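The values are calculated or read from the model by the stated rules, or taken from the named source; none is laboratory data. A quick note: this is a predicted structure, and the numbers were derived from the prediction, not measured. Cβ sites come from the backbone with ideal geometry, for glycine too, and all protein chains shown count toward neighbours.
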Amino acid sequence: MNTSRVNTEELSTKDKRHTIHPWADLATASTKGDHIITRGEGCHVYDSDGKRYLDGIAGMWCVNIGYGNQEMAEVIAKQAEELVYYTPFGAMTNNLSAELGEVLAGLAPGDLNRVHFTTSGSGAVDSAVRFSHYYFSALGRPEKKHIISRTESYHGSSYLTASLSGKAVDRTYFHYMSDIVHHVTGPNPYRRDEGLSLTEYCDQLVDEFEKKILEIGPEKVACFIAEPIMGSGGVLVPPPGYHKAMKKVCEKYEILYILDEVVTGFGRLGHFFSAEPVWGIVPDIITTAKGITSGYQPMGAVIISDRLYDRISGSNAPETAYFTNGYTYSGHPVACAAALKNVEMMQRDNICEHVQDVGPYFIRQLKTLERHEIVGEIRGNHLMACVECNISGNKTAAEKKDMTAAQAVDQFCDQQGLIVRPYEALLILSPPLIIDKAGIDEMVSILDSSIEKATEALRSDGLIR
């Protein structure tokens, strides 16, 4: 493989000229340097100059079984030879889709046994909300269509899911739905009012939620959507009892509870789905993607309660019962083969149990970095964590200097061969689930060194004393 500097420059020129990246800064996209990743192996990736990086973000929360897995590659290649595609519309299906539906139903909690396949997390969330609308309309209640989401949430980048997402920094020059989409405060215990206990804080959030429902009118609210832990919003872990309390409010007003497990599903918190074992709830609908194939194929799914499906199907179906939602590549045979192999390997190799073992160690080791003066908080759950920089001393909101601190740490991590995900004053971490304690120690060591170097640079620039 040619990894010379000339090759990197040529690739970079082509990329800048022709590709519009997700979340690209259009002010600098045509001039800013690129990271061109060309190869991956285990927990590491390599750029076009051959530099090796420990991947601290598993691509984008998704490469759970690690890079370069030969078993997975062989299954994908074999399926592409056998049946690469056939339409999933109407009564058509393929053998892999049928098998995967049964497997997902077996992994999901409670009576969540109905699976609708998509091609992404955005598609899964979009479809979950559309199902909610279809469900209530089929029951003769079309006015029940409003959706409640949360600030700092992320649910996708389609028109609907971007409107559901609550990260203010992501709202730029696009248009967003505002007639039926509402937001309540997302849980961020680090920035709760001073003197407020976690229990009081939880009660405050739940009370705000119920007031919002009453303000809109319970007869108009179809669903509430929540990530178990808000991922790209900053790995925001809710206070104890939060999801149970929010679910109870939803049950009171017949509002569907959509748990967005696009990030947390498939082992990130030590379980295939975290809803019941971690949060003690069985939602009405679960959305999943990312880790479903460990990133080896694009895929998503919506898993729906039998109780809901049975009320609008069979003899209970409305006069015109077509569920006109889906995608050309729903239940794609190659993606299904990858997902089935992914589940098989995760179960065979005890990946969830491994995460349960190393996850607490990961958080404990990261917590040692709170001794640094530029670190405000380290938080997370198992292999999902965040370093929040705070040099301003402001606990209400991050300031520009806090963001500068995080950017400095990110740059030093990159120099030392660790990829993290910077966002405002945050450094987000979600390594492949196969990472071991030695890999965790390496991550923490690089972060430790990078924070020290960033602190020195910030002091030299007069941002801290």
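Condition test on Ser313, is it modelled with pLDDT of 95 or more, out of contact with any Asp or Glu (no Cβ under 9 Å at 6 or more places or on another chain) and not assigned by TED's automatic domain parsing to the domain that holds Val444?
Yes: the conditions hold for Ser313.
What helices (runs of 4 or more DSSP H) completely inside the stretch 224-320 contain at least 2 residues that are closer than 16 Å to Val206 by Cα? Before you say what the answer is, go through the steps one by one.
On the way: elements: 242-252, 275-279, 306-311.
Hits in the stretch 224-320: 242-252.
Do we find that Arg171 is among the basic types (Lys, Arg), free of Cβ contacts under 8 Å to residues at least 24 places away in the same chain and over 18 Å from Asp260 (Cβ atoms) in this structure?
yes
Would you mind listing the strands (runs of 3 or more DSSP E) fully within the stretch 379-431 where at least 2 residues are at pLDDT below 95 and among the basic types (Lys, Arg)?
Of the strands (runs of 3 or more DSSP E) lying wholly inside the stretch 379-431, none has at least 2 residues that are at pLDDT below 95 and among the basic types (Lys, Arg).
If I go through the stretch 74-127 residue by residue, how many of them are without any contact (Cβ under 8 Å) to a residue 60 or more places away in the chain and among the hydrophobic types (A, V, I, L, M, F, W, C)?
So the answer is 4.
Based on what the data block shows, is Ile419 touching a strand residue (DSSP E or B) at 6+ places or on another chain (Cβ under 7 Å) and either touching a residue at least 40 places away in the same chain (Cβ under 8 Å) or within 22 Å of Asp34 (Cβ to Cβ) (or both)?
Spelling it out, Ile419 is indeed touching a strand residue (DSSP E or B) at 6+ places or on another chain (Cβ under 7 Å) and either touching a residue at least 40 places away in the same chain (Cβ under 8 Å) or within 22 Å of Asp34 (Cβ to Cβ) (or both).
Taking the criterion of being within 15 Å of Ala338 (Cα to Cα) and touching a Leu at 6+ places or on another chain (Cβ under 7 Å), would at least one residue in the stretch 45-55 satisfy it?
Checking the stretch 45-55: not a single residue is within 15 Å of Ala338 (Cα to Cα) and touching a Leu at 6+ places or on another chain (Cβ under 7 Å).
Just one of the numbered conditions (1) within 20 Å of the chain's Cα centre (by Cα); (2) over 30 Å from Phe272 (Cβ atoms); (3) of a type in the set (Lys, Arg) is not true of Lys400; which one?
The single condition Lys400 does not satisfy is (1).
For Tyr176, all conditions in the list (1) in contact (Cβ under 8 Å) with a residue 40 or more places away in the chain; (2) in contact with a helix residue (DSSP H, G or I) (Cβ under 6 Å, 6 or more places away or on another chain); (3) not aliphatic (A, V, I, L, M) hold save one; what is the number of the exception?
Tyr176 satisfies every listed condition except (1).
Got a number for residues in the stretch 241-269 being of a type in the set (Gly, Ala, Ser), surrounded by 24 or more Cβ atoms within 10 Å (Cβ to Cβ) and touching a Cys at 6+ places or on another chain (Cβ under 9 Å)?
1
Which condition breaks for His382 when tested against (1) buried (at least 24 other Cβ atoms within 10 Å of the Cβ); (2) on the phi > 0 side of the Ramachandran plot; (3) in contact with a strand residue (DSSP E or B) (Cβ under 9 Å, 6 or more places away or on another chain)?
Only one criterion is unmet by His382, namely (3).
Return only the number of the condition from (1) of a type outside the set (Asp, Glu); (2) within 20 Å of Pro22 (Cβ to Cβ); (3) assigned to a loop (DSSP other than H, G, I, E, B) that Gly195 does not satisfy.
Checking Gly195 against (1) of a type outside the set (Asp, Glu); (2) within 20 Å of Pro22 (Cβ to Cβ); (3) assigned to a loop (DSSP other than H, G, I, E, B), the one that fails is (2).
Considering each of Gly265, Gly280 in turn, give the residue that is within 27 Å of Leu426 (Cβ to Cβ) and either outside the structural domain of Glu377 (by TED's automatic domain parsing) or of a type in the set (Asp, Glu) (or both).
When all the criteria are applied, what remains is Gly265.
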